[in-house]
1. Sticking to Cα atoms, compute the Rg of segment B:8-129 to one decimal and its Dmax as the biggest Cα-Cα distance, whole number, in Å.
2. Helix A:13-28: angle to the longest alpha-carbon principal axis of chain A, degrees 0 to 90, nearest 10?
3. For every other residue with a beta carbon closer than 13 angstrom to the beta carbon of A:Glu8, add +1 if it is Lys or Arg and -1 if Asp or Glu, then tell me the sum.
4. Straight-line reach from A:Lys23: which lysines have a Cα under 19 Å away, not including same-chain ones fewer than 8 places off?
5. Could you derive backbone 3J(HN,Hα) for segment B:70-83 from the dihedral phi with the Karplus parameters 6.51, -1.76 and 1.60 (θ = phi - 60°), listing whole Hz in sequence and x where the residue is Gly or Pro?
6. Which residues in segment A:265-285 have a backbone N closer than 19 Å to a point placed 7 Å from the Cα of A:Leu105 along the Cα-to-Cβ line?
7. Return, ordered by residue number, the residues of segment B:43-73 whose backbone nitrogen is under 19 Å from a label point located 7 Å along Cα→Cβ of A:Lys274.
8. Can you give the angle from 0 to 90° between the axis of helix A:337-351 and the longest principal axis of chain A, with both taken from C-alpha atoms, to the nearest 10?
Amino acid sequence: MAKTAKIEVKEQGLIATMQGFCKTLLEKGGIDALLVAQHLPMKNVVMPTLVTDPTKLNGVDPLAPVFPINAAKVVSKLTRKPLAGKVAAVLRPCEIRAFIELVKLKQGSTEDVLLVGIDCLGAYSNVHYPRFAGQNGTEATLRFYQNIRAGKGTACQDFDLSPACKACEHPIPENADLLIGLVGVDINDQVLVQANSPAGEALLGAMGLMGTKEPPEGRKKAIATLVAERAAYRDQMYVETSEATADLEKLTAYLANCVNCYNCRVACPVCYCKECVFVTDVFDHEPSQYLRWAKRKGILKMPTDTVFYHITRLAHMSTACIGCGQCSNACPNNIPVMEIFRTIASYTQKAFDYEAGRSLEEEPPLSVFREKEFSELTGGKD
Amino acid sequence: MAEFEPTIIAFVCNWCTYTAADLAGTSRLSYPPNVRLIRMMCTGMVDPKYVIKALLEGADAVLISGCHPGDCHYINGNYKARRRVKLLKEILPRFGFDQSRLKLTWIGASEGVDFAATIRKTVDEVKALGPNQTRGKMVI
Ligand code: SF4
Ligand code: SF4
Ligand code: FES
């Protein structure tokens with residue numbers, strides 16, 4: 001049922017092609033606004049922008065290899081109540097997957113939003129991206145894709161894509177109404193546009209992109225190769241992280257630099273609590289309490305409850321972790337947060353036969369409870 | 001060296017296991033004094049944080065005990081507890097906590113004998129496991 005079309009790239013180049021696509025989408029797509037990443041005019045920083053005026057798309061560059069935040073949080077802001085309008089959101093696969101989780105947690109809705117997903121070849125961290133891109137944002141984006149196209153890979157100077165992206169086995173958007181395909185496509189010639197839902201098909205029609213072309217031959221194979229590469233990196237990461245955190249002594253060494261700033265959970269798109277318990281008065285201890293704690297073992301590391309915080313966060317949201325890596329991206333102390341969250345998530349999601357971001361229909365594991373299940377926990381006793 | 005005496009924190013439901021513990025007491029059934037009972041209105045109130053904190057603070061095991069499936073006074077609190085235990089048993093062992101340091105049982109109000117036996121069995125098992133890795137150690 002997927003309707004597929006292509007957009008010619010040719011001499012105008014990839015960036016202008018994407019900008020043209022966004023402009024047509026906003027003008028003809030029957031939408032009130034477009035949410036899309038742009039280079040901001042005052043500085044080469046890429047941020048999601050909500051655009052209603054087609055002339056305000058000059059910095060648009062959803063292909064820039066950076067995402068300072070996971071935009072699922074922004075889409076949630078736009079859709080947690082009726083929007084009184086329609087918006088199309090151009091997102092990375094992990095942003096769509098995080099949004100799916102938020103919708104299931106009633107913190108967003110697909111009602112007023114069309115999801116446009118782009119094949120994702122990965123992103124640099126917020127620290128590395130400016131080093132990669134310098135002042136000229138769009139030129140840097142082109143360089144990124146031409147390097148990949150020429151087989152030169154993604155590494156640059158002494159850095160590379162973020163570990164989250166290297167370990168991401170979901171480079172192709174799932175649950176998008178419209179998909180922009182780059183993998184296995186000669187991006188100097190064309191990009192692929194594919195409608196994956198009736199709404200997506202209608203959008204294609206409205207944009208005058210009614211092709212029924214099949215995706216290019218090599219696409220399937222190129223995707224399989226990319227996914228296999230990423231899965232191999234991910235599995236190695238699981239092994240190394242498990243080893244590095246195998247007992248409490250190792251775990252505390254792993255987290256020793258943590259300053260309890262909680263940036264990781266602020267950046268996490270699926271840390272869904274409106275108010276994190278770790279900043280409520282539950283943790284406003286009496287001063288004398290610290291003294292009592294210190295006396296128990298003769299020493300108390302302050303601020304306290306660092307390991308407690310991380311394990312609690314794992315209990316709260318690892319079943320929803322979509323592996324975007326924004327936690328690591330936000331950490332001022334270079335703690336590999338994503339690594340530990342994804343590693344544990346691989347166990348917790350499997351335990352409930354759940355995959356975060358996979359489908360709107362699957363219920364979040366901690367929101368459903370059945371009379372007969374897991375009887376092995378109570379020694380078979382019902 | 002004196003035998004290792006474990007500390008076991010037990011979160012027990014007011015309507016069933018706590019009553020069973022009472023019954024065990026009034027029936028003069030003996031069980032080891034290693035458990036600290038914390039009465040909850042329902043096992044559905046046992047926040048995973050309580051379990052994590054207890055084990056990080058040096059408890060050697062945590063026991064959660066509530067009403068049998070179908071008997072929870074709040075309909076599904078015990079099912080919630082069971083999923084949370086399932087979840088914690090996936091997380092805690094990755095950091096070196098033996099999965100049997102967290103136990104879930106159903107003990108009805110009339111099952112005083114079962115309560116005493118469960119405590120005896122748990123204490124024996126935890127003694128065999130040895131002390132929790134957090135005992136006496138600074139946890140950051
Ligand atoms: S825990 Fe980290 S990797 Fe997982 S969803 Fe949150 S920010 Fe992304
Ligand atoms: S962002 Fe880093 S330092 Fe801050 S709480 Fe998270 S792990 Fe700790
Ligand atoms: S009332 Fe006993 S477990 Fe819910």
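Bear in mind that the values in this text are calculations on the coordinates, not laboratory data. The model shown is predicted, which means the values in this text are computed figures rather than measured ones. With ideal geometry, Cβ positions are generated from the backbone for all residues, glycine too; neighbour counts draw on all protein chains shown.
1. 13.5, 41
2. Here the helix axis deviates by roughly 90 degrees.
3. Local net charge: 0.
4. Partners found: A:Lys6, A:Lys10, A:Lys56, A:Lys86.
5. The phi angles translate into x, 9, 4, 5, 10, 6, 9, x, 5, 5, 5, 4, 5, 5 Hz.
6. A:265-280
7. none
8. In chain A, helix A:337-351 runs at an angle near 90 degrees to the longest axis.
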